[in-house]
Amino acid sequence: MEKKELIYEGKAKKVYAMDDPDYCMVEYKDDATAFNGLKKGTIRGKGVVNNKMSNFMFKLLAEKGIETHFVKEISDRETIVKKVSIVPLEVIIRNKAAGSLAKKLGLEEGMELKCPILEFSYKNDELGDPMINNSQAIACGIATQEEIDVISDMAYKVNDYMKEFFAGVGVELIDFKLEFGKFHDKIILADEISPDTCRFWDIKTHEKLDKDRFRRDMGGVEEAYAEMMKRIGLA
Ligand code: UDP
């Protein structure tokens, strides 16, 4: 397969067409943004971490029966994936209160939840990815009831597998965001799974090992990404 033209450049990735229209190539960048693009910066080596970690997680999830867009890692920053049409929902799972939930409800970060929370945001940069509920998503034609059922079921399963995997390497999975896409009418897991899209806390010290270090100017950002690579055995 051969790489063709650039078809999309986002905040953290470039996407190239391939000669076979069923596939595309993702290239992970070191650029970082937060607060809907208001804060910009660079996290050195992030593209490599996010590429390798995403691919590692997609392989692990595939072994558990979760179908994903991953096809083949080409280089440190480049991966061939199935070309999906993205369902315009950001699917967030939370195991403990943090970030926007903690802020909105006045909760202490790290508060135990009685069960995992599943949330949807409408993927729209102009609107700042507003949170929407199932009924709004279905009524406005953003997703069908069937798609929401499949996505919700897959997201909870991904949470179960990831929570267990990360606990095994001394990391607590606080929350994360997933995106799904349709490949020949089938819903599969797409986008990435990385310290950009998950909150990871050291189980013992509760040290943050994710993008919150960048969002909150905590320092040690590159070190945190590198530590996550070590924990999962990729460095
Ligand atoms: N998240 C993400 N992209 C977004 C918004 C959230 O990857 O555009 C991830 C974020 O890293 C965290 C989880 O989703 O792991 C929950 O994020 P939250 O709603 O608390 O928003 P934030 O505080 O990150 O703005």
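Which listed residue (Leu173, Leu127, Ile203) has the Cα farthest towards the positive end of the charge dipole for the chain, taking +1 on Lys and Arg C-beta and -1 on Asp and Glu C-beta about the Cα centre?
Farthest towards the positive pole: Ile203.
Using protein chains only and a probe of 1.4 angstrom, how many square angstrom of Ile203 are accessible, to the nearest 10?
70 Å²
What accessible area per residue, rounded to a whole number of Å², is obtained for segment 53-208 using a probe radius of 1.4 Å?
48 Å²
Per DSSP helix of 4 or more residues, -39500 (n - 2.57); summed, then divided by the residues of the chain. What does that give at 222 nm, rounded to the nearest 500?
Value at 222 nm, helices only: -9000 deg cm²/dmol.
Determine by what factor the alpha-carbon radius of gyration of the chain differs from 2.2 N^0.38 Å, reporting the quotient. Provide the component values of the computation, followed by the final result.
Values: Rg = 17.1 Å, N = 235, 2.2 N^0.38 = 17.5 Å.
Here the answer is 0.98, to two decimals.
What are the trypsin sites (Lys or Arg not before Pro) within segment 1-98 that DSSP puts in a loop, where the Cβ has at most 13 other Cβ atoms within 10 Å? Show your work: numbers first, answer last.
Values: sites: Lys3, Lys4, Lys11, Lys13, Lys14, Lys29, Lys39, Lys40, Arg44, Lys46, Lys52, Lys59, Lys64, Lys72, Arg77, Lys82, Lys83, Arg94, Lys96; in loops: Lys11, Lys29, Arg44, Lys64, Arg77, Lys83.
Qualifying residues, ordered by number: Arg44, Lys64.
Mean-square fluctuation check for the chain, GNM, Cα pairs under 10 Å: which of Ile80, Ile43, Ile138 is largest?
Result: Ile138 has the largest fluctuation of those listed.
Counting only protein heavy atoms, what percent of the accessible surface of the chain is carbon or sulfur at a 1.4 Å probe?
Carbon-and-sulfur percentage of accessible area, whole number: 50.
Based on alpha-carbon atoms only, what is the radius of gyration of segment 154-231 relative to the globular estimate 2.2 N^0.38 Å?
Ratio of Rg to 2.2 N^0.38 Å for segment 154-231: 1.20.
Please report how far the C-alpha centroid of segment 183-228 lies from that of segment 46-91, rounded to the nearest whole angstrom.
Between the Cα centres of segment 183-228 and segment 46-91 lies a distance of 15 Å.
Of the cross-linked pairs Lys4/Lys46; Lys72/Lys104; Lys40/Lys114; Lys83/Lys230, which ones have a Cα-Cα span greater than 32 Å in the structure shown?
Beyond 32 Å between Cα atoms: Lys72/Lys104; Lys40/Lys114.
Cα gyration tensor of segment 1-73, axes a ≥ b ≥ c as square roots of the eigenvalues: rounded (a/c below 1.5), prolate (a/b > b/c) or oblate?
Values: a/c = 2.20, a/b = 1.26, b/c = 1.74.
Oblate.
Loop only per DSSP, at most 10 neighbouring Cβ atoms within 10 Å: give me the chymotrypsin sites (Phe, Trp or Tyr not before Pro) in segment 1-53, ordered by residue number. Can you show the working numbers first?
Values: sites: Tyr8, Tyr16, Tyr23, Tyr28, Phe35; in loops: Phe35.
Taking segment 1-53 and a limit of 10 other Cβ atoms within 10 Å, the loop chymotrypsin sites (Phe, Trp or Tyr not before Pro) found are Phe35.
The values are calculated or read from the model by the stated rules, or taken from the named source; none is laboratory data. Everything numeric here is computed off the predicted structure, so don't read it as measured data. Virtual Cβ from ideal backbone geometry, glycine too; neighbours counted across all protein chains shown. Please note that ligands, DNA and RNA were not included when accessible areas were found on the heavy atoms of the full protein model with its side chains. Shrake-Rupley method; radii C 1.70, N 1.55, O 1.52, S 1.80 Å.
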